[in-house]
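Enquirer: Input: one structure, supplied below.
The values are calculated or read from the model by the stated rules, or taken from the named source; none is laboratory data. Remember, it's a predicted structure, so these values are computed and weren't measured experimentally. Here the Cβ positions follow ideal geometry from the backbone for every residue, glycine too, while neighbour counts run over all protein chains shown.
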Amino acid sequence: MADSLVLEKGGAEAARHETLYFDWRVLIPLAALGLDLALHLFIPTHAAYRPKVLPYFSRLLIILIGIFAVSPIIGIFRPQFRKQLVFKSAFLGVGFLLLGLYNLITIKLNLIPSLYFPAPERIIGVFIKDWLFLLQCLVYSLRLLLGGFFLGAFLGVLTGTLIGWSQRWNYWIMPFIRVVGPIPSTAWIPIALVIFFKPTDASLFLIALGVWFPTTVLTSSGIMNVQKSYFEVSSTLGAGTLRNVLSIALPGAAPNIFSGLFNGTSACFLTLMAAEMIGCKFGIGWYINWQRETLAYSNVYAALIVIAVTFSFLISLQFKIRNRVLAWQKGTIRW
């Protein structure tokens, strides 16, 4: 009894020690931000920038310093948060140092053309002054993107299921896919603008086409790789074709389907940007092309950051959905 009490007490002390543990690596981002702020404040601004110096970059650094000064304190009491922060600290530190280096070679030393490579403070200024218009363009683009994505995903899963399940459908559709599928969807822009009366309809078609091909190929591949013995057992128990497809084929091909959707997301972003730059009169791609023509490259970089953040969010959301849907795959190799 005494030994068990000692062991329980020791385990509780170890758990408490683990909870209240401080790791110095969480200070790496804070140190990088402090160095960036010191260089920004004490190195004089180049003469080419002095008439138009803005305080946005220094304010951003101060806000980030405040966040990463509080984060280690939170990490002392939240082990899971601390582990994530420690894991990402080196990457964040290097990223902040690169940001400071870019600020150094632009606004401080003027080593690269300021017209094409604006200082960070000018890019931040675009977000502050033009955020509403950027948001409107993003919402417009997301409407096209999600509409084309869901249409292409539905048709891709349907087509992939048909050619993966039925030899007859495979015979008629697969040659068409081999001929048409590898052609980049952006190559169809001139034809789509002729066929469809509205540029938005043409954009929806092109985005759906970009998602359809990888989803179709990987869905059919996944269904073909499902073990035949599963269908034999299911049919023996009285399951029909539809039940076999819905309960065995599609769940078994789910990892491949998600891989196709991931690839399709990248393709539909590329197609959306190209379609908006050529045909549409609004949207984030149109915004980039418009600002490029007026040589407002700080606005171009701001829009590119919006695209990068949006794409990263959508991919992360797909990963979370995939992990929840494929929870039964726990323990196998994952993306």
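Enquirer: Just to verify a result, which residue in region 31-69, among those that are aliphatic (A, V, I, L, M) and assigned to a loop (DSSP other than H, G, I, E, B), is surrounded by the fewest Cβ atoms within 10 Å (Cβ to Cβ)?
Expert: Kept after step one, since they are aliphatic (A, V, I, L, M), are these residues of region 31-69: 31-33, 35, 37-39, 41, 43, 47-48, 53-54, 60-65, 67, 69.
Still in the list and also assigned to a loop (DSSP other than H, G, I, E, B): 43, 47-48, 53-54.
Numbers: ILE43: 13, ALA47: 8, ALA48: 11, VAL53: 14, LEU54: 16.
Among those residues, the one meeting the criterion is ALA47.
Enquirer: Moving on. Conditions: (1) part of a helix (DSSP H, G or I); (2) under 30 Å from MET273 (Cβ atoms); (3) of a type in the set (Gly, Ala, Ser); (4) out of contact with any Asp or Glu (no Cβ under 6 Å at 6 or more places or on another chain). GLY93 meets all but one. Number of the miss?
Expert: (2)
Enquirer: Additional query: Kindly evaluate ILE257 against the criterion of being over 30 Å from SER141 (Cα atoms) and crowded, with 22+ Cβ neighbours inside 10 Å.
Expert: For ILE257, the condition - over 30 Å from SER141 (Cα atoms) and crowded, with 22+ Cβ neighbours inside 10 Å - is not met.
Enquirer: May I ask you to verify whether PRO113 is assigned to a loop (DSSP other than H, G, I, E, B), surrounded by 19 or more Cβ atoms within 10 Å (Cβ to Cβ) and of a type outside the set (Lys, Arg)? Walk me through it before giving the result.
Expert: On the way: assigned to a loop (DSSP other than H, G, I, E, B): yes; surrounded by 19 or more Cβ atoms within 10 Å (Cβ to Cβ): no; of a type outside the set (Lys, Arg): yes.
No; evaluated as a whole, the condition is false for this residue.
Enquirer: Same structure, new question: All but one of (1) touching a residue at least 40 places away in the same chain (Cβ under 8 Å); (2) among the aliphatic types (A, V, I, L, M); (3) buried (at least 19 other Cβ atoms within 10 Å of the Cβ) hold for VAL300, so report the exception by its number.
Expert: (1)
Enquirer: Follow-up. Restricted to region 242-254, and to residues that are of a type outside the set (Gly, Ala, Ser) and in contact (Cβ under 8 Å) with a residue 60 or more places away in the chain, which residue is farthest from ARG322 (Cα to Cα)?
Expert: Here is the first cut: in region 242-254, the residues of a type outside the set (Gly, Ala, Ser) are 242-246, 248, 250-251.
With the extra rule that they be in contact (Cβ under 8 Å) with a residue 60 or more places away in the chain, the set shrinks to 245, 250.
Working: VAL245: 20, LEU250: 14 Å.
Restricting to residues being of a type outside the set (Gly, Ala, Ser) and in contact (Cβ under 8 Å) with a residue 60 or more places away in the chain, the top hit is VAL245.
Enquirer: Keeping to region 141-173, report how many residues are buried (at least 19 other Cβ atoms within 10 Å of the Cβ) and over 19 Å from the mean Cα position of the chain (by Cα).
Expert: Selection size over region 141-173: 9.
Enquirer: When you check TRP188 against the structure, is it under 18 Å from VAL157 (Cβ atoms), aromatic (Phe, Trp, Tyr) and out of contact with any Lys or Arg (no Cβ under 6 Å at 6 or more places or on another chain), yes or no? Walk me through it before giving the result.
Expert: Numbers: under 18 Å from VAL157 (Cβ atoms): no; aromatic (Phe, Trp, Tyr): yes; out of contact with any Lys or Arg (no Cβ under 6 Å at 6 or more places or on another chain): yes.
For TRP188, the condition - under 18 Å from VAL157 (Cβ atoms), aromatic (Phe, Trp, Tyr) and out of contact with any Lys or Arg (no Cβ under 6 Å at 6 or more places or on another chain) - is not met.
Enquirer: Pick from region 75-89 the residues that are among the hydrophobic types (A, V, I, L, M, F, W, C) and touching a helix residue (DSSP H, G or I) at 6+ places or on another chain (Cβ under 6 Å): which of them is surrounded by the most Cβ atoms within 10 Å (Cβ to Cβ)?
Expert: So the first thing to find is which residues in region 75-89 are among the hydrophobic types (A, V, I, L, M, F, W, C), and the list is 76-77, 81, 85-87.
This time we only want the ones that are touching a helix residue (DSSP H, G or I) at 6+ places or on another chain (Cβ under 6 Å), so: 81, 85-86.
Values: PHE81: 14, LEU85: 21, VAL86: 16.
Across region 75-89, the extreme among qualifying residues is LEU85.
Enquirer: Of the residues VAL126, VAL70, only one is more than 20 Å from the chain's Cα centre (by Cα) and touching a residue at least 12 places away in the same chain (Cβ under 8 Å); which? Before you say what the answer is, go through the steps one by one.
Expert: Details: VAL70 fails: touching a residue at least 12 places away in the same chain (Cβ under 8 Å).
That would be VAL126, the only listed residue that is more than 20 Å from the chain's Cα centre (by Cα) and touching a residue at least 12 places away in the same chain (Cβ under 8 Å).
Enquirer: Would you tally the residues in region 270-290 being at pLDDT below 80 and not in a helix (DSSP H, G or I)?
Expert: Number satisfying all stated conditions: 3.
Enquirer: Same structure, new question: Tally up the residues in region 173-192 that are out of contact with any Leu (no Cβ under 8 Å at 6 or more places or on another chain) and in a helix (DSSP H, G or I), please.
Expert: The qualifying residues number 10.
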